[in-house]
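The values are calculated or read from the model by the stated rules, or taken from the named source; none is laboratory data. Given the structure is predicted, the values throughout are model-derived calculations rather than measurements. A quick note on method: Cβ atoms are made from the backbone with ideal geometry, for glycine too, and the neighbour counts reach across all protein chains shown. Protein only, heavy atoms only, side chains kept; ligands, DNA and RNA dropped before computing areas. Shrake-Rupley method; radii C 1.70, N 1.55, O 1.52, S 1.80 Å.
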Amino acid sequence: MENDIWTIQAALDWTVGYLERKGDENPRLSAQWLLSEATGLSRIELYANFERPLSMDERDVLRGYVARRGTGEPLQYITGDVGFRHITLRVRTGVLIPRPETEVLVSEALTLLPPVPKRIAMDSAPEASPEDALGAQRPLRAPDRGEVQPATEVQLAPASSMPSELSGPLRVADLCTGSGCIACSIAYEHPLVHVIATDIEPEAIALARENVAALNLDKRVQVVQCDLGEGIDAKLMGTFDLVVSNPPYVPTSVLAELPRAVADFEPTLALDGGADGLDVLRRLLPWCARALKSDGAFAFELHETCLGEAAALARDAGFTDIRIEHDLAGRPRILTARRP
């Protein structure tokens, strides 16, 4: 195709064939994703514009993307973003890519908090300004490419007009935040949450701060570089409503079985959980016992082989209401419990 006109159909067919030869597990999906990113078209628009020629710039971008994908590099690192629940996050090498299992973790974490107060329409709160309205310009993920787009403007009342029993902030700690996907999602979906997100890696801290800023969550999400919760103010111990974490949890012996796209490109520090996958959990539990208020809760994502032992450790540490939840594939994945 070097000197030919590259139509969208021809480029798609060529990319699929190339990625098949390189061993891509789903070459057509990868080709659609990369071509969509190179052209700015959704996947539906690709198929509606099969005869449109690619510009030279689009051809060059697509070639670079395809070459990188041919080495096994994850699509998210190539395109630089990923859809996660109701938001889009920036991603890059050196920081773990957010996954669907972690979306389940966020769902379970939100159920452990008091529910989002019923929103009051702006016309019933005339003194509130549009700039303070919760939900104004709330972005929604487009169904096709994971893009954030502004929703229709339904202006809602500010937190000051919420029911008085939840007028104060809910305090959440997100340890091992990585890209900030958990902290940003919880703060985005619950208007009364204030999150302290921590990570030990400078690359993760920088990326998490970028995502917080891009989502305009600076006032409710603070990103702190430290090991687990060690950098969180000691005065806050005993005040947290929720601790949530997607820690390194893959048993060391299982690392060799990970797909090449994970093992070769994602940071081992964010994956390796020690011999049984529970090294970090053993450090998280005593910190949670100090950090959580009475009836506060935690939610942790863990390896499917570890949940039984993890639940026993939580029980031995004095936690109650211990539950194991399953991921989208039906595998045990999330451990939740409460401090009595």
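Looking only at region 1-53, how many residues end up being among the polar types (S, T, N, Q) and under 32 Å from the mean Cα position of the chain (by Cα)?
Residues that pass the stated criteria total 7.
Checking Glu309 against (1) out of contact with any strand residue (DSSP E or B) (no Cβ under 8 Å at 6 or more places or on another chain); (2) within 17 Å of Arg99 (Cβ to Cβ); (3) of a type in the set (Asp, Glu), which test does it fail?
Only one criterion in (1) out of contact with any strand residue (DSSP E or B) (no Cβ under 8 Å at 6 or more places or on another chain); (2) within 17 Å of Arg99 (Cβ to Cβ); (3) of a type in the set (Asp, Glu) is unmet by Glu309, namely (2).
For region 47-63, indicate whether the set of residues that are more than 23 Å from Leu258 (Cα to Cα), among the acidic types (Asp, Glu) and in a loop (DSSP other than H, G, I, E, B) is non-empty.
yes
Report the residue count in region 231-246 for those that are in contact (Cβ under 8 Å) with a residue 24 or more places away in the chain, surrounded by fewer than 21 Cβ atoms within 10 Å (Cβ to Cβ) and in a loop (DSSP other than H, G, I, E, B).
5
Are any residues in region 38-51 within 16 Å of Trp14 (Cα to Cα) and buried (at least 17 other Cβ atoms within 10 Å of the Cβ), and if so, which ones?
Answer for region 38-51, where residues must be within 16 Å of Trp14 (Cα to Cα) and buried (at least 17 other Cβ atoms within 10 Å of the Cβ): Ala38, Thr39, Leu46.
Here's a check for you: in region 174-222, which residue that is of a type in the set (Ser, Thr, Tyr) and part of a helix (DSSP H, G or I) is most open to solvent (accessible area, probe 1.4 Å)?
Tyr188
Considering only region 33-61, how many residues are among the hydrophobic types (A, V, I, L, M, F, W, C) and in contact with a strand residue (DSSP E or B) (Cβ under 6 Å, 6 or more places away or on another chain)?
Matching residues across region 33-61 total 0.
Please work out which residue is modelled with the highest pLDDT, limiting yourself to region 3-32 and to residues that are touching a strand residue (DSSP E or B) at 6+ places or on another chain (Cβ under 8 Å) and part of a loop (DSSP other than H, G, I, E, B).
Trp6
Find all pairs meeting these conditions: Cβ atoms under 7 angstrom apart; at least six residues apart or on different chains; first residue within region 85-97 and more than 21 Å from Pro267 (Cβ to Cβ) and assigned to a loop (DSSP other than H, G, I, E, B); second residue open to solvent by less than 80 Å² (accessible area, probe 1.4 Å) and modelled with pLDDT of 95 or more.
Short answer, once both residue conditions are applied: Arg85/Glu103; Arg85/Val106; Arg85/Ser185; His86/Tyr188; His86/Glu189.
When region 250-275 is examined, which residues are found to be closer than 22 Å to Ile334 by Cα, assigned to a helix (DSSP H, G or I) and more than 22 Å from the chain's Cα centre (by Cα)?
Thr252, Ser253, Val254, Glu257
Out of Asp316, Asp279, report the one residue that is open to solvent by 70 Å² or more (accessible area, probe 1.4 Å) and touching a strand residue (DSSP E or B) at 6+ places or on another chain (Cβ under 9 Å).
Of Asp316, Asp279, the one residue that is open to solvent by 70 Å² or more (accessible area, probe 1.4 Å) and touching a strand residue (DSSP E or B) at 6+ places or on another chain (Cβ under 9 Å) is Asp279.
Go over the candidates Ile324, Ile334 one by one and state the one that is of a type outside the set (D, E, K, R), under 20 Å from Glu103 (Cα atoms), out of contact with any Ser or Thr (no Cβ under 7 Å at 6 or more places or on another chain) and surrounded by fewer than 21 Cβ atoms within 10 Å (Cβ to Cβ).
Ile324
Would you be able to tell me the number of residues in region 75-84 that are touching a strand residue (DSSP E or B) at 6+ places or on another chain (Cβ under 6 Å), in contact (Cβ under 8 Å) with a residue 40 or more places away in the chain and outside any strand (DSSP E or B)?
Residues that pass the stated criteria total 0.
Just wondering, is there one or more residues in region 260-269 that are of a type outside the set (Ser, Thr, Tyr) and touching a strand residue (DSSP E or B) at 6+ places or on another chain (Cβ under 7 Å)?
For region 260-269, residues of a type outside the set (Ser, Thr, Tyr) and touching a strand residue (DSSP E or B) at 6+ places or on another chain (Cβ under 7 Å): absent.
What pairs come out if I take residues in region 9-37 that are over 14 Å from Ala67 (Cα atoms) and pair them with residues that are small (Gly, Ala, Ser) and outside any helix (DSSP H, G or I) whose C-beta lies under 7 Å away, six or more apart or interchain?
That search, which allows pairs on different chains as well, returns Ser36/Ser42.
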